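Data first, discussion second: the structure below is written as structure tokens.
The values are calculated or read from the model by the stated rules, or taken from the named source; none is laboratory data. Predicted model, so just to flag it, every value in this text is computed and none were measured. Cβ sites come from the backbone with ideal geometry, for glycine too, and all protein chains shown count toward neighbours.
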Amino acid sequence: MSLLNLTDVTIGVTQDTAGHEERLDLVHGLTLDVVAGQTLCVVGESGSGKTVTALSVVRLLEFVAPVYTEGEIAVGGVDVTRLGAEQMRAYRGARIGMIFQEALDSLNPAQRVGAQLLEAYRPDGVPARGGLKARRAAEAKAKALLAEVGLTDTARIMALYPHQMSGGMQQRVMIAMALMSDPDILIADEPTTALDVTTQAEILALFQRVQREHRTACVFITHDMGVAAEIADRIAVMYRGRLVEIGDKLDILTAPRHPYTRALLECVPRLGVSRREGFPTISEARLRAVTEGTAGRDEPVTETLRLPDAPAPVGDTPPLGIDRVTKVYGRRSRLARRSPVRAVNEVSLEIAPGEFFGLVGESGSGKTTLGRMVAALETPTSGRIAFGEHQITPAGLSGDERAFRRQAQLVFQDPQSSLDPRHTVARIIAEPLRELTPLRGGELDRRVAELIDEVGLPAGCADRLPAQLSGGQRQRVSIARAVAARPRLIVADEPTSALDVSVQGQVMNLLLQLRRSHGISFLFITHNLSLVLSVADRVGVMYGGELIETGTPHEIATSSAHDYTRRLLAANPDLSAYIGRHGHPSR
Amino acid sequence: MTPTAQMSVPVSGRAASPLARALRRNRLLSAATALLVLIVLAVVILPPFLPDANATDPVHRLLPPSADHLLGTDSYGRDVFSRLVSGGRTSLGLSALITVCAAFTGMVIGLVSGFYRAVDAVVMRIMDAWMSFPAIILAMALAIGLGASIWTELIALTVLFTPFTARVIRSRVLSVAARQYIGAARVSGMRPAKILVVHVLPNVLPLALVQVVILSASAMLVDGAMSFLGMGIAPPTPTWGNMIAEGRSYLVQAPWLIVVPGLAIMACVLLLNLIGSSMRDVVDPRARALGDLQRLRARGAAR
């Protein structure tokens, strides 16, 4: 019998607009079930309602928003939507455990981990009473669980504060904490999204083992099909608040029935599949046609860009030369006993004119710092970077800064924060034109309109503020700003990591197109190995501030000499094993 | 009172302005603003229609409130209502002036020291030392050193309030400066000084406005205290502070002498604080979210 049953669940918020209340449905008529001992992965892009669904099972949303829930959410046969506040409290933690995305945010920074673990021990759904005996039981349980999640040094771990642990350790503690009261159901909301791939692989393996051993039913929310493929027994795909498809993992991955699922699978970059000629993207219009029945269900809903064959001549693009560059943060001083950090250590690198160079590494590998030095936002501690007639040395940028800025531009990671919230799109794009080019007045407006069109934004966007745009549109604005002054080199620092896969395809296509049409060199920084291997001409792997390896994607993927690269490849959640290597999922 | 109150709030027509919209949505804010505007209007318009604030009349001294003298008379037989109104002119006017000056200097210092790290290290240590000195004593020392006059008080209080404003503005500038659009502006080739004006200032301004309103409330209080101590504007020019000072000898016989200006100061400070905190709700999304959450919790408990 299934442990968790959602029957025709509709969840929404009431909005107070102009005096009268309006209802906005976030999830429509959702029906799904989870069996004890199984993991159901709920996969969807942002705004698909997956997190809303998960949070309303534990009924956490009612604390943050005026929500309403219709339909039935049954946990072991009891409809939790009808429980009183007191009864519900006995369910949270004790019967339904929850693991959140940001472990550091979910742990109390002012309390030792041990105390927090003990607090979570509620064997009968109520805080444990009975003094010393219950405390002993709780402590024994906490120690056993910590050992189980791989933190064997239990006494020391329990005395630590959350900030003294790494992200992976924090997430392990969170898993142990969720298991403290032996819940029947475990809900995990993107628990590995904030982690590096190697840590993610460890946590996923651990999660799977723990779930099998405790025979908990598990709802695992993720946006990453690769992660779902690793961990799920069954997969549910959500799109715009509706359940699109639910089925066994193999069925979904190898023979998806719904066109959206198929499209989503196709959009995920895979090892061994080159996307240098363009990424597939989901066409909204075609998807609508298929779902409304005006087109056959087997019609593809993805479009794949085909770039023009002849690339633009690289012309006057100079090569970028990075020569033994080191960046050290902090100085050894007598006042603050902090040792200096070597963010980048003796990195040498050449990027040929018009080349698309992918730089991959985990957090703290120094890849962003290197990018910022190439863009002359930081000066190296030693070494030098040469681009054409410009040199960046420890003394700073030599020559005219504006001339350099005309040549080299940077696309930032988070389009939310890289656009001034008070400036309109047109003003944002005009900024580099005003500063770096002599264009003024009508010519300037014409160039801005041209750029808006070139990056595929609707013309009406010009007067909008960033808050009125979607994530993908914001990143397009950011790219338009970067190409405005016709640079020869673009440093793209994780430009797609804040975006959904289908939108990622669009943004990557745009970058590829710009490269073809303008002959721009790219230094593309990312943590996504599948993405960079499918798109770059050459790939460099950074680890601990050092560039440990460079090579073509093929060399890196098949014959890497370096241990770390191989570990990275092994940890990378990839769909290639399930899906035929030639574009479409095998049927 | 109601018609005036409504007139002073832009009701329609300028719906596009965010301030007007905020006023319409937030009843507390609009009511407090209306009342304050009413007080300011009264203080500005009324004096010509009232008896001279400095006309003494020893025969009718210490009269209780009556139809002739709305709020009674003081120890020299001067009409308390006239003095209250013209004292309001000086008190409100001076506080406003102090606020503007302190806000301006604080803003400049805050912007510069938040944005240029080298300046920050020096300026903020000076501000720290400044703030650790007892406020009123600093003001008194300045007033004694320079002689009590309106200008001394202006300088003293500006000096006093500058570090507080500078600190608040600086912390906001620091958070704005860490946003990526500042880096993007640098990549666009913008000079730091221009970035400060084009990107940082507009994003700091809403919070600065809130800070200014709250600052003006403290300016009123300190100004009242200064005149009470005789460091501010010298009698016979009335201020609310020196009215309380003069009335305190007659606390028992004529309590209205200190109750009336005291209430006036209290009302203005309260209104300014109310306006400040409701403006913060409008400007700061985090404060608004917190407020909404509290309301939600209250509603949940009521059900």
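Listing for the model above:
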read-out: Count of segment A:56-81 residues which are of a type in the set (D, E, K, R), within 14 Å of chain B (Cβ to nearest Cβ) and within 19 Å of A:ASN5 (Cα to Cα); value: 1
read-out: Check on A:THR198, closer than 18 Å to A:GLY49 by Cβ, hydroxyl-bearing (Ser, Thr, Tyr) and not in a strand (DSSP E or B); value: no
read-out: Residues within segment A:451-473 that are at pLDDT below 90 and within 22 Å of A:ARG405 (Cα to Cα), tallied; value: 2
read-out: Residue match in segment A:48-55 (condition: within 21 Å of A:LEU3 (Cα to Cα), among the basic types (Lys, Arg), over 29 Å from the mean Cα position of the chain (by Cα) and buried (at least 17 other Cβ atoms within 10 Å of the Cβ)); value: no
read-out: Any hit, segment A:418-434, residues being under 28 Å from the mean Cα position of the chain (by Cα), in a loop (DSSP other than H, G, I, E, B), hydroxyl-bearing (Ser, Thr, Tyr) and in the same structural domain as A:ILE525 (by TED's automatic domain parsing); value: yes
read-out: Odd one out for A:ALA137 among (1) out of contact with any Phe, Trp or Tyr (no Cβ under 8 Å at 6 or more places or on another chain); (2) assigned to a helix (DSSP H, G or I); (3) over 25 Å from A:ASN5 (Cα atoms); value: (1)
read-out: Residue satisfying condition, being more than 22 Å from A:VAL58 (Cα to Cα) and among the hydrophobic types (A, V, I, L, M, F, W, C), within set A:LEU186, A:LEU206; value: A:LEU206
read-out: Helices (runs of 4 or more DSSP H) within segment B:152-258 that include 1 or more residues within 14 Å of chain A (Cβ to nearest Cβ) and either hydroxyl-bearing (Ser, Thr, Tyr) or touching a His at 6+ places or on another chain (Cβ under 7 Å) (or both); value: B:180-187
read-out: Residue within segment A:414-431 that is over 26 Å from B:VAL204 (Cα atoms) and touching a residue at least 40 places away in the same chain (Cβ under 8 Å) present; value: no
read-out: Elements of type strands (runs of 3 or more DSSP E) in segment A:18-131, at least 1 residues being at pLDDT below 85 and among the basic types (Lys, Arg); value: A:20-35
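Rundown of residues vs (1) surrounded by 21 or more Cβ atoms within 10 Å (Cβ to Cβ); (2) within 30 Å of A:ARG212 (Cα to Cα), yes/no style:
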{"position": "A:ALA36", "(1), (2)": "no, yes"}
{"position": "A:VAL57", "(1), (2)": "yes, yes"}
{"position": "A:GLU62", "(1), (2)": "no, no"}
{"position": "A:GLY84", "(1), (2)": "no, no"}
